[in-house]
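Only one structure is covered here, and it is reproduced in the block below.
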């Protein structure tokens, strides 16, 4: 009997030791988690903290990489008639209509754009149709748009405008939401490329979209993209070459 009591006491002591050790480990983990939760989320509950962080992320606009002050003077030097505010409004309309086209699976909603942009949009819409999927963009709001890049290459000049945008974004397949949220905003950033070309039909139907800038009369090279007349024969350039700004791509950054 005494031996059994000793065994039971030992078992109880072992169990008690294990319980105390587990409790101490739990408290240590709990205190560590609480400490990190307070540090990162400002609350003792990490689950509530993560939800709070998700909501803050959903309502905080994405920053844009603005180089407007750097590039706009160069653009105005090359193209004195360039209207930045007008182009920015056009870019925002293109972005909005691009997303609406995807939402409605109808590329004709796109307000303007080169064949390259329209073809990519049609491919994306067709892919959604093939997968019996719908991608929704609702309550679209653009916070800010700035010039991000300015490039000149082989007579083709491009300006990349970057926009910070928010919307409700989710995907459905067979009537079921497969990703995103139907009731939570999402913040995103898009690059919209604006291209300057001499002849829209020639460029869009050419394998090489780069064009050399030459006088249509004597063939002499033009000194800069914004040249109004040939420096060799004084031939007016604008009258002979249709110059067009148009949009070639819309991509999430």
When 27, 124 are arranged by how many other beta-carbons sit within 10 Å of their Cβ, fewest first, they go 27, 124
Can you sort 195, 177, 19 so the residue with the fewest Cβ neighbours within 10 Å comes first? 19, 177, 195
Taking R0 as 35 Å and r as the Cβ-Cβ distance between residue 81 and residue 232, the FRET efficiency 1/(1 + (r/R0)^6), rounded to the nearest 0.05, comes to 0.90
Can you give the FRET efficiency to the nearest 0.05 for residue 174 and residue 106, using r as the Cβ-Cβ distance and R₀ = 35 Å? 0.95
Between residue 31 and residue 72, what FRET efficiency comes out of the Förster formula 1/(1 + (r/R0)^6) with R0 = 45 Å and r the beta carbon distance, rounded to 0.05? 0.25
Which order do the peptides 5-18, 62-75 take when ranked by the mean count of other beta-carbon atoms within 10 Å per residue, highest first? 62-75, 5-18
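None of the figures in this text is laboratory data; all of them are computed from the coordinates on show. Note that this is a predicted model, so its numbers are computed, not measured. Here Cβ is always computed from backbone atoms with ideal geometry, including for glycine, and neighbour counts include all displayed protein chains.
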